[in-house]
Amino acid sequence: MGEPAAHPPVHTRAESTLPAAAGRRVLALTFDDGPHPENTPRLLEVLRRHGVQATFFVVGENAAAFPGLLHAIAADGHVVGNHSWAHHPLNRMRPSDVRDDLGRTSELIDRVVGTPPRWCRAPYGAWHPPSLKVCADLGMEPMGWSVDTRDWTRPGTARIVSAVTDRATPGAIVLQHDGGGPRPQTVAAVDHYLPLLKADGYTCVRPQS
Ligand SMILES: [Zn+2]
């Protein structure tokens, strides 16, 4: 949603790697801010071609605009997570508004996908204690990240690739975006780095693994 260039200062949760990794060379790819009518189908095609499943943290109003894409994400076996309804910082909202915002998004996901989301990522990673409580009350776990590709700055495909390949560690959670603007660099980077990760012994997993 919009260009995230105006990110407010945030404190990201410490739990930003896969707890079950236990040293195994697994990592989780995550894509935020979609679904997007151009980026998301292209990304799904790349992931399908490489046989990789990821997690998509969707924005509710985008999912409402493109329910077919939301369904397509789930139909390909990817995890759909809650990334709020309108991408406003939860830590600046009243708890009752956070509940309405996240709850509305979870209901939409449940209606389109058939199951409510288990994972939630706050816009900008900006959790605060009341929003974490709402997240738990709605039956979700918060997910942060350990590798920030900064792909939304459009640094070039090669730099997105190296951000992932240089910093991949067992249990890493990789932050990327399929919404918020044109993302051809992100899509190209995924296509490029997936074979490199595989050659390095990494498997991309859904967060339950
Ligand atoms: Zn976001």
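The values are calculated or read from the model by the stated rules, or taken from the named source; none is laboratory data. Bear in mind the structure is a predicted one, so any value in this text is a computation, not a measurement. A quick note on method: Cβ atoms are made from the backbone with ideal geometry, for glycine too, and the neighbour counts reach across all protein chains shown.
Against the condition more than 15 Å from the ligand (Cβ to nearest atom) and either basic (K, R) or at positive phi (or both), how does R42 come out, does it pass? So R42 fits the description; yes. In the range 15-37, the residue that is modelled with the lowest pLDDT out of those that are under 17 Å from F57 (Cβ atoms), more than 9 Å from the chain's Cα centre (by Cα) and among the hydrophobic types (A, V, I, L, M, F, W, C) is L18.
Of all residues in the range 152-209, those satisfying the criterion of being within 19 Å of H78 (Cα to Cα), in a loop (DSSP other than H, G, I, E, B) and away from the ligand (no atom under 16 Å from the Cβ) are G171, Y202, V205, R206, P207, Q208, S209. Taken as a whole, the condition of being out of contact with any His (no Cβ under 7 Å at 6 or more places or on another chain), assigned to a helix (DSSP H, G or I) and within 16 Å of the ligand (Cβ to nearest atom) applies to V98. Selection over the range 20-41 of residues that are surrounded by 18 or more Cβ atoms within 10 Å (Cβ to Cβ) and of a type in the set (D, E, K, R) gives a count of 2.
Kindly indicate which of G77, G2 is outside any helix (DSSP H, G or I) and at pLDDT below 95.
Details: G77 fails: at pLDDT below 95.
Being outside any helix (DSSP H, G or I) and at pLDDT below 95 holds for just one of G77, G2, which is G2.
Scoring W127 on the criteria (1) more than 16 Å from the ligand (Cβ to nearest atom); (2) farther than 18 Å from P207 by Cα; (3) in a loop (DSSP other than H, G, I, E, B) leaves a single failure, condition (1).
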